[in-house]
1. Pull up all non-local amide H partners of ASN425: gap of 5 or more, or a different chain, and H-to-H distance under 5 Å with H placed in the peptide plane.
2. Output ³J(HN,Hα) for the range 106-123: one whole-Hz value per residue in order, computed from phi by the Karplus curve 6.51 cos²θ - 1.76 cosθ + 1.60 with θ = phi - 60°, and x for Gly and Pro.
3. Computed FRET efficiency, Cβ-Cβ of SER460 and ASP550, R0 35 Å: what is it to the nearest 0.05?
4. What is the packing order of peptides 72-81, 561-570, 130-139, 220-229, taking the mean over residues of other C-beta atoms within 10 Å and listing the highest first?
5. Return the long-range amide H neighbours of ASP194 (sequence gap of 5 or more, or a different chain), with a cut-off of under 5 Å between placed amide H atoms.
6. In the range 426-509, which GluC sites (Glu not before Pro) fall in coil by DSSP and have 16 or fewer other Cβ atoms within 10 Å?
7. Rounded to a whole number, what % of the accessible area of the chain do carbon and sulfur atoms account for, probe 1.4 Å?
8. Starting from 0.36 nm per residue, how many nanometres of slack lie between ASP217 and GLU501 once their C-alpha separation is accounted for?
Amino acid sequence: MIPAQDVAGAAAAADIVLRNARIYTVNDSQPWAEAVAVRGEEIVYVGDESTDELGALIRTTTEVYDLGGRLVIPGLVDAHTHPDWVVLSAWHVTLPWTDDVDEILAFVRQYAAEHPPSEVPFIYAEYYPCTLFDVGGPRKELIDAHVSDRPVLLQDQTDHCSWVNSKMLELMGVDRDTPLQIVPGDPAPEFVRDENGEPTGWVKEFAWLQFADKMYDAIGWRLPTAVTPELLRGLTGFLVSKGVAALWDADGVGMDATFAAAAEATFAAAAELDQRDELDVFYHGSRRFCSLSDLPENIAVLREWEEKYGGRHVHLDAMKLFLDGSHETGTSAVLEPFITSQDDRGELRMSEDDLTACLLLLNEEELDLHVHLVGDRAFRTACDAVERARSQLGGAWRIQVTLAHCELIDPGDMPRVAELGIIVNWSPHWAGGYFSAQSLEYLGPERFDRMYQFNPIIGSGGVVCFSSDVMNKYEAHRGDPFFGMQVAHTRVDPEWPIYPERPLREPASAKLSRADLVKGYTLNGAIQLRLADRIGSIEVGKLANMAILDQDLFSVPDDQMRSVTPEAVLFEGKVVHGSLTLP
Ligand SMILES: [Zn+2]
């Protein structure tokens with residue numbers, strides 16, 4: 001360690017000084033500064049640029065950079081994302097976005113011609129619009145006419161329905177004798193049949209997954225599950241270039257063995273990058289559990305993974321739980337019934353009693369809890385459970401509970417975030433509508449217009465942090481925090497406006513301020529990751545994690561916020577993107 005004072009009593013030299021800057025510190029006691037000095041990985045000065053204190057830090061060895069008045073913000077935090085899913089979708093083929101069936105088929109034909117079966121034994125391409133076909137759905141013969149030498153699957157825009165060719169049905173052994181009821185449930189997986197009982201090639205709710213192994217055996221190929229350091233670096237490198245200094249991986253285990261293997265491989269890849277000093281971001285994450293009874297065994301797995309992969313920037317620090325489903329599929333837990341049914345209030349996947357018991361156990365283990373929930377009943381249940389656990393434990397309560405998504409909250413429950421010390425985590429790039437229009441069918445207009453409202457929570461002193469929650473390569477670019485900031489500040493999605501003729505996602509009063517967005521993407525995210533003593537603001541003693549922006553985020557026009565990008569990114573005093581020598 002370099003002593004703060006050298007033998008002569010003068011302060012030790014800074015390595016880097018950034019001056020002539022507009023530094024937005026996210027430190028309430030000193031919101032703005034002109035200069036910042038860095039020694040090693042730490043910030044040693046924040047303030048005016050003409051002070052004696054700063055002068056004493058500048059020696060011949062100090063690199064001083066004039067930032068030409070540019071805006072500097074703390075390193076950003078993406079507090080809920082899915083790097084493994086994004087990496088796993090890398091092999092999918094992207095269809096042209098069109099409602100011309102012939103154009104889609106011509107594309108698939110061309111792709112197959114350029115990539116022989118020896119290279120691409122299974123063509124998996126997405127997405128085609130749901131509106132392409134009538135209620136009978138698409139037919140396998142349409143694809144067969146273009147590609148019949150190997151299985152082809154085209155995925156529709158909702159990700160719930162697929163269109164396959166005859167070769168794929170054949171290799172899976174699916175024909176008119178395949179039982180109609182594959183897996184009981186609502187909605188049930190299904191191979192749609194024609195009037196003669198023959199599968200048409202239209203597949204609903206992933207019915208094909210039940211037969212995929214047979215097909216994979218036949219073609220001698222399997223889904224890629226290898227999340228290598230290089231593949232992961234592709235994603236973390238993108239986030240680093242957008243100023244992200246920390247992320248929280250919300251997976252911990254996926255839908256099946258493939259995804260479970262991928263989740264562990266992702267932490268292994270992050271650990272390897274960290275050891276090579278190529279991670280350049282804090283990588284924290286979770287392990288999922290489903291019930292009070294499987295919590296202990298999953299805590300054991302989390303501990304094992306932490307032992308294996310935990311390191312300087314990698315930590316498995318919380319357990320993850322799904323408390324309900326989604327509004328778009330009518331599986332959220334809501335206080336009042338959906339408009340589709342008199343008595344259906346959706347699914348709560350854990351009772352308040354069990355959740356309280358889980359919290360007591362987690363408190364004993366000193367492990368934080370991260371809860372997926374979208375409905376107002378799930379939100380209230382989580383608050384009630386926290387309230388009970390806290391009152392039972394009194395001063396012994398020491399864990400943090402983060403409620404992720406929180407799309408619909410009863411106004412009466414909003415002050416409870418601050419009262420109970422809960423953290424709310426939400427994804428700002430959803431604010432313009434994006435996929436949520438389908439929830440209107442279940443929630444009805446009154447509740448639909450109450451979704452995504454966080455100003456009352458912020459106003460009452462609650463901690464709200466932000467995340468991308470991106471799941472695949474197509475939306476990975478929306479993981480750019482500046483994209484999220486624009487959408488939440490305008491309530492207009494520049495790519496998928498809720499209604500083209502009326503792009504504003506109501507109500508306008510729910511637009512978030514730029515200052516609240518920056519705080520939610522920095523300090524509040526750092527609080528969720530328990531890193532607030534080291535990152536999240538530009539303060540003396542914290543790590544030198546900063547983004548030097550090409551435009552002023554606070555004055556750029558609303559519809560250009562997403563074009564703001566870092567010209568340089570510092571992570572622990574090291575330039576990890578761009579250059580400090582600015583034009
Ligand atoms: Zn998620």
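1. LEU403, ALA404, HIS405, CYS465
2. 5, 5, 5, 4, 4, 4, 5, 5, 7, 10, x, x, 5, 8, 10, x, 9, 8
3. Working: r = 35 Å, r/R0 = 1.01.
Computed FRET efficiency for SER460 and ASP550 comes out at 0.50.
4. Values: 72-81: 28.5, 561-570: 21.8, 130-139: 13.4, 220-229: 15.2.
In descending order of packing, they fall as 72-81, 561-570, 220-229, 130-139.
5. Correct list: THR200.
6. Filter output for the range 426-509: GLU495, GLU501.
7. Roughly 51 percent, rounded to a whole number.
8. 97.3 nm
The values are calculated or read from the model by the stated rules, or taken from the named source; none is laboratory data. Values in this document were obtained by computation on a predicted structure and should not be read as measured data. Virtual Cβ from ideal backbone geometry, glycine too; neighbours counted across all protein chains shown. These area figures cover heavy atoms from the full protein model, side chains too; ligands, DNA and RNA do not enter into them. Shrake-Rupley method; radii C 1.70, N 1.55, O 1.52, S 1.80 Å.
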